[in-house]
Each structure stands twice: as C-alpha cells, then as structure tokens.
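These notes concern the structure reproduced below.
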Amino acid sequence: TSSIFVQIMQKFFLPLKEWSEQGEKGKYKMSIFTRVLTFFFAIAQSLALILNSKVFYPNDDLFLIIQTLFFLIVGAFICIWLSDLITSKGIGNGVSLLLVLSISKEVFNLFKFLIKGDGNMGITERIIILFLFFLLLILTVILSSSYLKIPIQYTTKVNNDSKLERNIPIKVNVVGVLPIILANTLLNVIPIFSVFFSKESSFNKFAKIFVESRHYLGIGFFVYLLLIILFSFFSVFMIIQPNEISESLSKQDAFLESVKPGTETVYKITYELFRVTIVGTILLTY
C-alpha cells in the first residue's frame, strides 16, 4: 500500500518526482520514504486490529496493548525483509510472491471444500462452482494477455526499417489489480477510524453495516465497485500519458494512421485508452 501510494504521489509531489529521476540514489531515498510510510500505516492498522479484538487485551491492560502493537509492527517489517530478500536473490518480486502464498492458502481451502463439501451442497452444485472457477481463471489469463494495437506509420525515409514498431500496444488491463488494492485500502480506513468512536456511536454503527454489506448487494458492495471503476480510469491515465506518447512519436518521425500529429494524436490515444479501459474495468469488476 505504501509503495503504491508513493508511486501515485510522484505525479503530484515534486520532491518524489525528482527522486524518481535520480537513478540509484533517488531509488534509495524512495525506498527509505516508503519504509517510513509503511511504519505509520502499520501502527494505524495494528492499533485498529487490537482495539477491534478484545481478545488481545483483557481488562484493558495498557502494557499488553503496547506489547501486541510492537509485535504486529515487527511482524510487518519481517515480511518486508523477506520480500526484499526474495527480490535481491532474483527469485522474483518478493511482495508479489508473499501475496501469492497468502492467496494460495485460500485456493487450497476452496478445493478442499469443493471435494468434501459441507453437507449442504450436492455434487452438482460443487461441479458448477468448480467450472465457474476455471472459467474465471481463463478469463483472467485472456485479460492479462490481451492488447489493443494502434497502427502507426513512419516517414518514407525510415518506412522500410523492420526493427521499428508498427503499432502502439495497449494492454486491455493496463493497471492489473491496482484498482482493487486501492479500493480495499481506502475502504479499510473506515473500520480503522471506527475504533476511535464508542460502540454505540452512529459512525460505528454505520461502519459495521458498511463493512458487512460488502459481502452482499449492499451499500458497501456498490461503493467498492464504484471505487474500482474510478481507480481503474485514474490509474490508467497516471501510468500512460497521451501527451508523452504524442511527443515520442513526433521525435521518431512517426504518426498514427489517418490522424494528424499534435492535438488530434493526443485525442485519439486518449479515446482508445478510455475505450480499452472500459472493457478492462468490466472484466476486473466481474
């Protein structure tokens, strides 16, 4: 969450943007800043977890609260250390692999449930769920590997160079699961703030209803979908800048087919991005 937040803030916060352009030195500064931000996020989330779970501190023992808070924060940074270690060894992206391990546990539980059942679901229903699960997996692979190609042309002088790209490939799902992560992060703020209000307060009652309604067609569910849609479009235009693409094409003596360089090129790329993001967002929310 901290890493994503820092990446987004690079577009708005000048010092972060300057750090991103300073090579290894800037990368080190960004890493330190991300760790500091992670520390404060860990405090907030750990405190919310403790205050929401009375089992952690019987009789409101302040020392036990502080002790539990300390170990939760240390646990978070151990995970960060492990992810950095995995990344440095060239095995892969450490954070992503840890997330995959966490998700794989749920997949194992799902298959265990589908094989054994719970006594209330027949074999037919379980087969249908398994079929839908694999269908969703196939759609996810298709979504991850699909591209929209915008044809480009070069001037006559370089038109026969086979090494030059003949199109601009734009992924149907440019941002991956970033909108889902951002939506979850924002919605998790509500239960975190609720711990600072009494249980009988209107805000706490609203927070409880809101969180529970995310699991069915309630207000929390529709707000979650709306946030995914908004963050999808926001993230796409944060990652891909039509103005920069237009300038890059001009420097290469290239242009889009049947489109004039300059403003029309920017408009065309923006339109295609908007169109492909609609498809990607529909599949992502599904």
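The values are calculated or read from the model by the stated rules, or taken from the named source; none is laboratory data. None of the values given here were measured: they were computed from a predicted structure. With ideal geometry, Cβ positions are generated from the backbone for all residues, glycine too; neighbour counts draw on all protein chains shown.
Taking the stated definitions as given, is F221 of a type outside the set (G, A, S), modelled with pLDDT of 80 or more, over 30 Å from L47 (Cα atoms) and in a helix (DSSP H, G or I)? In short, no.
When E244 is tested against (1) within 24 Å of S146 (Cβ to Cβ); (2) surrounded by 13 or more Cβ atoms within 10 Å (Cβ to Cβ), exactly one condition is not met: (2).
Residues that are in contact with a Leu (Cβ under 9 Å, 6 or more places away or on another chain), at pLDDT below 80 and outside any helix (DSSP H, G or I) are absent from segment 36-49 altogether.
Scan segment 2-17 for residues that are outside any helix (DSSP H, G or I) and either in contact with a Phe, Trp or Tyr (Cβ under 6 Å, 6 or more places away or on another chain) or without any contact (Cβ under 8 Å) to a residue 12 or more places away in the chain (or both) and report the count. Before the answer, list the steps.
Step one: of segment 2-17, the residues outside any helix (DSSP H, G or I) are 10-13.
When the remaining residues are screened for being either in contact with a Phe, Trp or Tyr (Cβ under 6 Å, 6 or more places away or on another chain) or without any contact (Cβ under 8 Å) to a residue 12 or more places away in the chain (or both), the result is 10, 12-13.
Selection size over segment 2-17: 3.
Taking segment 18-31, which residues are assigned to a helix (DSSP H, G or I) and either at pLDDT 80 or above or loosely packed, with under 12 Cβ neighbours inside 10 Å (or both)? I'd like the intermediate steps shown before the answer.
Step one: list which residues in segment 18-31 are assigned to a helix (DSSP H, G or I), which gives 18-20, 23-31.
Those that are assigned to a helix (DSSP H, G or I) and either at pLDDT 80 or above or loosely packed, with under 12 Cβ neighbours inside 10 Å (or both): E18, W19, G23, E24, K25, G26, K27, Y28, K29, M30, S31.
Could you tell me which residue of segment 231-257 is farthest from the chain's Cα centre (by Cα), considering only residues that are in a helix (DSSP H, G or I) and touching a residue at least 60 places away in the same chain (Cβ under 8 Å)? Walk me through how you get there before you give the answer.
Step one: of segment 231-257, the residues in a helix (DSSP H, G or I) are 231-239, 242-251.
Filter again for touching a residue at least 60 places away in the same chain (Cβ under 8 Å), leaving 235-236, 238-239, 245, 249.
Numbers: S235: 9, V236: 12, M238: 13, I239: 13, I245: 24, L249: 30 Å.
Once the filter is applied, the top-ranked residue is L249.
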